[in-house]
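Working notes, structure below.
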Amino acid sequence: MKPPKELVIECPVCEEETDHQILGGRVEGKKRIVLRSSVRCCECGHVHSVEIVEERPIDVPIIISWMGKSTRTKIGLLPSDEIRVNDEIFVNEDRTIVTSLESSGVRKRAAKASDITNIWAKKFDKVWVKISLEFHGKVYSKKILAIPEEEFEIGELFDLEGSTAAVTSIKVEGRTIKKGSAMAKDIVRLYARGVRK
Ligand SMILES: [Zn+2]
């Protein structure tokens, strides 16, 4: 592995972080990236030697579920990164939330990346909001896709399969909201009344 050409590090003369030109040296290490090199400060020209140690990222297997399908892929993490259930992590462009972790055959709530054998996550770009819709005296079970932060407010009108419905109450974890609003990701069930077709 070739060393990079430039580095931003502290210059002992300038007493601040400056661009440095790398004059040689080498990069080694399997688990860690170790760079030993002479460097020249681009600001004052001072030459000094550095030893920079960085962790090398590792690929951790991750299974992402999204709308009933699972995709197996890998995520690059630093060995010391701690991952927890409910952490939001980006995998490629996808926003996901960690649902479970496995470390040496045991399910865990939290683990260091170097100890993780598998991560389970679900895509978090959109969430299903379960709806009980009352229309002409009958109750229908419906669901809609919403972005996690989308707010639903009591009394608000929204589109539901081409009809218009009004939010009457919202059940969230542990309570029911009769006034105010809740975010889609927190909604256990939304109660609505059909207004018109
Ligand atoms: Zn300098």
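Read-outs: derived from the displayed coordinates by stated rules, not from any lab. Note that this is a predicted model, so its numbers are computed, not measured. All Cβ positions, glycine included, derive from the backbone under ideal geometry; neighbour counts span all protein chains shown.
Charges only on Cβ, +1 for Lys and Arg, -1 for Asp and Glu: so what's the dipole of the chain about the Cα centre, in debye to the nearest 20?
1560
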| field | In order through region 120-131: 3J(HN,Hα) via Karplus (6.51 cos²θ - 1.76 cosθ + 1.60), integer Hz, x for Gly, Pro | value | 10, 9, 10, 5, 10, 4, 9, 10, 7, 10, 7, 10
| request: May I ask which residue of Val27, Pro12, Thr164 lies farthest towards the positive end of the charge dipole of the chain, with charges of +1 (Lys, Arg) and -1 (Asp, Glu) on Cβ and the Cα centre as origin? | output: Thr164
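Rounded to the nearest 0.05, what FRET efficiency is calculated for Glu55 and Lys142 with R0 set to 41 Å and r the Cβ-Cβ distance? Please list the in-between numbers first.
Values: r = 48 Å, r/R0 = 1.17.
E(calc), rounded to 0.05, equals 0.30.
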| field | Loop sites in region 1-61: trypsin sites (Lys or Arg not before Pro), DSSP, at most 14 other Cβ within 10 Å | value | Lys5, Lys30, Lys31
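Nearest 5 is fine: what % of DSSP beta bridges in the chain come out antiparallel, could you say?
Details: 73 of 81 bridges.
About 90 percent, rounded to the nearest 5.
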| field | Segment Lys5-Ser163, extension gain: residue separation times 0.36 nm, minus the distance between their alpha carbons | value | 50.8 nm
| query | Tell me, in nm to one decimal, what length is gained between Arg26 and Glu156 on full extension, where the rule is 0.36 nm per residue of separation less the Cα-Cα distance? | reply | 40.5 nm
| Among Ile131, Gly105, Val47 - extreme Cα towards positive end, dipole of the chain, charges at beta-carbon | Ile131
| query | Spin-label point model (7 Å from Cα, Cβ direction): what's the Ser132 to Val34 distance in nm? | reply | 6.5
| Per-bin percent of Cα-Cα distances, region 58-123 [5 Å] | 4, 20, 34, 28, 11, 3, 0
